[in-house]
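Enquirer: Quick one: the structure is below, and I'll ask about it shortly.
The values are calculated or read from the model by the stated rules, or taken from the named source; none is laboratory data. Predicted model only: the values in this text are computed from it and were never measured. Glycine also receives a Cβ, built like all others from the backbone with ideal geometry; neighbour counts cover every protein chain displayed.
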């Protein structure tokens, strides 16, 4: 017998005993309890009610991006092949100054990468003209900060042919005053996913996701990038990558030029 049928029978019984105030109080208690059960059933139909208590995301740093391992990325139809990753790309991002004012930023963007990047710029910024990116992405918060600093310092950005800038890395790339992409370079995006240790459920998780999404959209808009870039990201599950075709990179203003030759440098 369903909870609704039980409630209806109890209601009829209480009405027949309307003179008894105790029964009326029991009736009210049962109604309140039943409403509570129904709310849980509706909000958690699989019965997996979250028991973890988390702080309100409005008072905490936004959740970071969780990257799937590169071999699990599946290509969206019509996109470039997924680039092969290596041990260096799985390590925290490092910064090395090369010839011609090129700062090589290679590896995963982890919490703290933005601070390390700023320290590098404070130390060698007078020599830097272009930030060369090779990265599978990582921390959204740090990626946003790095992209803003690149625009403030009026650096160019580049993804060399045969290499890739994926997931949150395009948020860094977007900061360049000039944004160059080499032939056969892969620039791709997908949905943001909170790291497992920071994953929130229910309304809190939704609020956190909305905050991160809004911050990324504002970032791209402020840098003059077409928000179609973010639409592509939100359409692509986080275990897949959407790689932009050369004409898309230009029409969406994510790139200012696509080179007709590779520029692979160590």
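Enquirer: Just one of 106, 95 is farther than 21 Å from residue 152 by Cβ and without any contact (Cβ under 8 Å) to a residue 40 or more places away in the chain; which is it?
Expert: Details: 95 fails: farther than 21 Å from residue 152 by Cβ.
The match here is 106.
Enquirer: So, one more: Taking the criterion of being at pLDDT 60 or above, in contact with a helix residue (DSSP H, G or I) (Cβ under 8 Å, 6 or more places away or on another chain) and closer than 28 Å to residue 236 by Cβ, would at least one residue in region 67-88 satisfy it? Lay out the reasoning, then the answer.
Expert: Taking region 67-88 and keeping what is at pLDDT 60 or above, we get 85-88.
Now drop any that are not in contact with a helix residue (DSSP H, G or I) (Cβ under 8 Å, 6 or more places away or on another chain), which leaves 85.
The next check asks that each one be closer than 28 Å to residue 236 by Cβ; those that pass are 85.
Checked region 67-88: at least one residue is at pLDDT 60 or above, in contact with a helix residue (DSSP H, G or I) (Cβ under 8 Å, 6 or more places away or on another chain) and closer than 28 Å to residue 236 by Cβ.
Enquirer: OK, next. For the list (1) surrounded by fewer than 18 Cβ atoms within 10 Å (Cβ to Cβ); (2) over 22 Å from residue 253 (Cβ atoms), I need the number of the one condition that residue 114 fails.
Expert: Exception for residue 114: condition (1).
Enquirer: Considering region 231-257 alone, what residues qualify as being in contact with a helix residue (DSSP H, G or I) (Cβ under 6 Å, 6 or more places away or on another chain) and either on the phi > 0 side of the Ramachandran plot or modelled with pLDDT of 95 or more (or both)?
Expert: Within region 231-257, 252, 254, 255 qualify.
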